[in-house]
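Worksheet: the structure to be examined is printed underneath.
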2 protein chains.
Amino acid sequence: MTGVQDGAEALRHKQKMAKRKAAQDAEVAAKTITQRGLLIVHTGKGKGKSTAAFGLLLRALGHEWPCGVVQFVKGAWDTGERRAFARFSEFLSWHTMGEGFTWETQDRARDMAAAVTAWAKARELMTDPKIKLLVLDELNIALRYDYLPVAEVVATLRARRLDLHIVVTGRNATPEMLEAADLVTEMSLVKHHFAAGVKAQEGIEF
Amino acid sequence: MTGVQDGAEALRHKQKMAKRKAAQDAEVAAKTITQRGLLIVHTGKGKGKSTAAFGLLLRALGHEWPCGVVQFVKGAWDTGERRAFARFSEFLSWHTMGEGFTWETQDRARDMAAAVTAWAKARELMTDPKIKLLVLDELNIALRYDYLPVAEVVATLRARRLDLHIVVTGRNATPEMLEAADLVTEMSLVKHHFAAGVKAQEGIEF
């Protein structure tokens with residue numbers, strides 16, 4: 001390629017990027033609501049729903065926000081996450097209420113009782129004016145199995161403070177939850193190493 | 001509902017869950033490859049690609065694994081993540097090489113040079129036998145803009161050690177990258193508060 005062509009390509013690139021920046025700046029300027037506690041939902045069959053919620057939690061903790069976590073159904077799991085988050089205990093109120101996945105316990109009454117207790121804790125954290133981010137991990141699962149009344153749960157989440165962000169995770173988010181959410185991300189599984197006969201890897205999957 | 005119906009429902013639930021557990025146990029037993037450094041790709045237009053990668057990083061740090069991060073194009077951003085990860089500095093080698101999003105710099109030659117430097121750092125970290133997880137944040141963007149030779153990059157990633165997990169993020173993952181990956185998750189945007197006129201929220205988006 002000649003120097004002239006190099007220059008022409010660089011110029012085209014610069015013009016394209018300048019146009020994109022102008023479009024982005026205009027989009028930002030069009031926003032008028034400056035403060036809103038977001039209801040964020042991570043759903044879908046793919047991986048990363050809880051992991052991304054914990055990434056958001058970590059970012060909030062980096063801002064030294066007081067935060068809360070209620071885990072609805074993953075109680076029995078010993079993950080590196082809890083050990084890592086122990087370093088932020090001065091900002092973080094962590095509550096694991098579930099009894100593990102429901103196909104481990106095989107006891108609907110016990111799972112339901114655990115979900116009710118977890119939801120009471122979630123409501124309590126919502127009323128704490130210091131807390132700025134609350135992760136309700138696997139709440140969608142509890143709603144899907146009808147362990148909690150969806151209308152009441154969603155109405156309570158809608159009534160959150162203006163300065164409280166809430167992240168709800170779990171596959172099969174209900175239509176009511178999606179309707180109430182400000183931001184919904186669906187995680188889809190495109191490819192998985194289990195299909196290639198590879199076992200779950202420590203530190204990655206547990 | 002009568003006590004008899006309650007009992008019948010509880011039994012049905014228990015049987016269903018027992019069946020699911022048996023299926024899951026059989027699936028786990030069928031896995032034969034016990035150790036493999038996974039190549040994990042987070043792509044798609046939705047949010048959470050980098051956030052979920054940082055969640056995986058956090059989990060690995062909870063296991064006290066030495067880890068590395070190379071950020072390819074988000075250099076200028078001041079996020080809570082970096083401040084939060086500062087608490088794990090004894091295990092974490094963090095390198096931010098990019099100059100910010102490319103439509104901010106509008107300088108292809110400079111972006112390309114930054115990508116080349118970042119890739120050299122990534123290869124260096126890959127050869128460090130202590131490192132067990134490496135996050136190559138927004139590498140897909142650098143490949144998409146042809147800042148780096150995709151064939152060489154993917155061949156190098158394929159040649160990773162058996163005990164090194166690599167997480168690659170960024171939209172528009174190339175077919176070569178998807179082919180080489182063990183685990184691919186696509187994040188799709190279902191709903192976004194920008195459409196409702198809400199500005200980017202501190203601690204959530206930056």
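Numbers below:
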read-out	value
So A:Arg83, is it at the interface with chain B (Cβ under 9 Å from one of its Cβ atoms), modelled with pLDDT of 80 or more, closer than 24 Å to B:Gly48 by Cβ and in contact with a helix residue (DSSP H, G or I) (Cβ under 6 Å, 6 or more places away or on another chain)	yes
Selected residue (criterion: surrounded by the most Cβ atoms within 10 Å (Cβ to Cβ)) from residues of segment B:10-33 that are at the interface with another protein chain (Cβ under 7 Å from one of its Cβ atoms) and at pLDDT 75 or above	B:Met17
Scope segment A:136-156; condition surrounded by fewer than 21 Cβ atoms within 10 Å (Cβ to Cβ) and either closer than 20 Å to A:Leu56 by Cβ or not acidic (Asp, Glu) (or both); matching residues	A:Arg144, A:Tyr145, A:Leu148, A:Pro149, A:Val150, A:Ala151, A:Ala155, A:Thr156
Selection from segment B:181-206 of residues that are modelled with pLDDT of 90 or more, open to solvent by less than 10 Å² (accessible area, probe 1.4 Å) and not in a loop (DSSP other than H, G, I, E, B)	B:Leu183, B:Val184, B:Thr185, B:Met187
Of all residues in segment B:167-180 being farther than 30 Å from A:Ala173 by Cβ and touching a Lys or Arg at 6+ places or on another chain (Cβ under 8 Å), the one that is surrounded by the most Cβ atoms within 10 Å (Cβ to Cβ)	B:Ala180
Candidates A:Glu124, A:Glu202, A:Glu176, filtered to the one that is in contact with a helix residue (DSSP H, G or I) (Cβ under 6 Å, 6 or more places away or on another chain), of a type outside the set (A, V, I, L, M, F, W, C) and without any contact (Cβ under 8 Å) to a residue 60 or more places away in the chain	A:Glu176
Segment A:34-76: number of residues that are at the interface with chain B (Cβ under 8 Å from one of its Cβ atoms), closer than 20 Å to A:Ala86 by Cβ, touching a residue at least 60 places away in the same chain (Cβ under 8 Å) and in contact with an Asp or Glu (Cβ under 8 Å, 6 or more places away or on another chain)	3
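The values are calculated or read from the model by the stated rules, or taken from the named source; none is laboratory data. In this text the structure is predicted, and so the values were computed from the model without any measurement. Neighbour counts run over all protein chains shown; Cβ positions are idealised from the backbone, glycine included. Keep in mind that these areas ignore ligands, DNA and RNA; they rest on the heavy atoms of the full protein, side chains included. Shrake-Rupley method; radii C 1.70, N 1.55, O 1.52, S 1.80 Å.
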